[in-house]
Every structure is written in C-alpha cells, then in structure tokens.
Amino acid sequence: MASEKRTIVLTGASDGIGAIAARALAGPSTDLILVGRSPQKLEKITADTGATGFTADFSRLSEVRDLAAQISERVASIDVLMNNAGGMFPPGQRTADGHEPCFQINHLAPFLLTNLLRDRLAAADSSLVLNTASVGNLFGRVDLDDLDFERRPTLGGAIPYGTSKLENILFTRGIAQRWTGDKIYSAAVHPGPAATSFGRDSRMAGLLYRSPVARLVTITPEQGAAPLVALAERGPDPEVNGVYFSRHKPNGHENPQAHDQRLIDGLWEKSAELTGIA
C-alpha cells in the first residue's frame, strides 16, 4: 500500500462494532468515510472521528445507488471498503424493493455498493473489500431458485440470516476470482459474538443476545471490532484474497456451499440481474 493518506469506507458505522472500528481507524493518515442508517447516531461518530458521514437505508436500493454516487463524488480512489452493515430481521417481511430483508440488506445492498464503487477501488494502487460475515454461515443454505425465501422455512429468521452470511463469503470469493487483475482483493471475517445491539430488529435474536446465558458466551464490542480493524490495517494483501477469517484466524469453519463454484458464479449473476448492473 502506498504511504500516502489512504481512504477507508466503512458501512454500519453508526453503532456496535462498526462505531468502535471507526474510532480505531480514524487518524491523520486516513480519509475516513462512514455510512450509517441513523443520522443522529452517525453524527456523533463523525464528530468523534473527524470523518465524513453519509446516511443510507440498505432496505432501499435506490439509497444505495445514491450513496455510491455521493462517495464517488467525494473521493477519487478507495483503499479499503468495509461492508459491515447488516442485521437479523423478523420472518415474513419484505423490503421496499420486495426482497427478504436479510438477503437485501446483508447481501444485495453491499453487492450493489461494491460494484458501483469498483472504479474507485481500481483507482487505488491496490485495494481491499472486507465483508463482515458470521459463523452463522454454517446454518445457511443458498438456493438460487429461492433467494428471497418465498417457498422455504425461515426458522424465525435464522435461516435467511445464516444464508446471507454465507452469501457474504460467496461474494468475497467472487471478487477474488474476478477483480484480482485490478488488484482488488477481498476477505470475509466473522468478528465473534459481540455483545452489541445486534438483533434489535429481530425478536428472537434480541432475546438471545439479552439473555443471562449470552453473557457467558459473548465477547465485548471492542473484541468484536478488533479483527475488522486488524484486516483493514493489513490492507490489500494478496494472501488474504478470498479467505474467510474466524476472528483473527484464517480459514474459519465454513458451510460446504462456500466453495461451490456453481454458487459463487450463480449468486453473482443473479445478484447482478436483481440490482440492475448485469
């Protein structure tokens, strides 16, 4: 990576591990751009870090397109894009675009944003796309004919969430295979079960994370943010390209589908079609 000031874009920065990562990455050597859903929460983080802030609701793909345009106008190149926004949502809901929320907010929106910012990533000497995934990928299942869970059971929203985290890994592998010629590398990371406001949009997840048992298995938000910060600071290292990290350890436990080339290609093609970038 060049020694000059680098540009980092971080989504999901207004709360939880994203906000902590933002504070850790801020500094005179970094042009930090933060994205959040809540203007009020984001304003505090940008004030603390001196970063530029943009708000966007990933349940509306039109706002993702507007966000990409705003970022592209603000910077000429991007060294690190951290796709960290996401959540778990109640079953049966649909976004403004008609999609299952986990599929759109956790996968389609970052897929669209990353593709729209590809020219800015390619304009850097080399760049890294870092996708926040989860050990939840283990109970996901990608069905290219039912990406929006119109026919499959959701187990209270847990299956769509796990599937979206599996899709984050498949997207990571897709970037690694397609964009290396532009020196755009990609990695995915499970930050760990951080005790944050994760699950606030899902009754089941919220109850699990607020239960007394959760205190025994969760880690602090600072610990959860640490792997994201470490990989962002490591930057576009070809050795991380296509790698799924379980916290700081490479090659974490993955769903068998995570290396299925048919799904890597098929998910990319379907996502491109659904987001209009095909």
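What the table below lists for this structure:
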{"quantity": "Listed residues S29, S186 arranged by accessible area, highest first, probe 1.4 Å", "calculated": "S29, S186"}
{"quantity": "Within a Gaussian network of the chain (alpha carbon springs, distance under 10 Å), most fluctuating of G235, G136, G98", "calculated": "G98"}
{"quantity": "Positive-pole candidate from A225, H107, G162, dipole of the chain, charges at beta carbon", "calculated": "A225"}
{"quantity": "Highest-fluctuation residue, H253, H107, H190 considered, GNM on the chain with Cα pairs under 10 Å", "calculated": "H253"}
{"quantity": "Relative compactness, segment 1-122, computed as alpha-carbon Rg over 2.2 N^0.38 Å", "calculated": "1.04"}
{"quantity": "Full-extension gain in nm, H253 to E233, via 0.36 nm per residue minus C-alpha separation", "calculated": "4.8 nm"}
{"quantity": "Per-q log10 I(q)/I(0), the chain, q = 0.07, 0.09, 0.13 Å⁻¹ (Debye; single scatterer per alpha-carbon; no solvent)", "calculated": "-0.21, -0.36, -0.79"}
{"quantity": "Cα-based Kirkwood hydrodynamic radius, segment 51-96, one decimal, Å", "calculated": "12.6"}
{"quantity": "S72 versus D119: modelled label distance in nm, points set 7 Å from Cα along the beta carbon direction", "calculated": "0.5"}
{"quantity": "Column: log10 I(q)/I(0), Debye, Cα scatterers of segment 97-161, q = 0.24 Å⁻¹", "calculated": "-1.07"}
{"quantity": "Convex hull of Cα atoms in segment 229-272, direction-averaged projection (nm²)", "calculated": "4.1"}
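The values are calculated or read from the model by the stated rules, or taken from the named source; none is laboratory data. Predicted model, so just to flag it, every value in this text is computed and none were measured. Please note: Cβ atoms are built from the backbone with ideal geometry, for glycine as well, and neighbour counts cover all protein chains shown. Please note that ligands, DNA and RNA were not included when accessible areas were found on the heavy atoms of the full protein model with its side chains. Shrake-Rupley method; radii C 1.70, N 1.55, O 1.52, S 1.80 Å.
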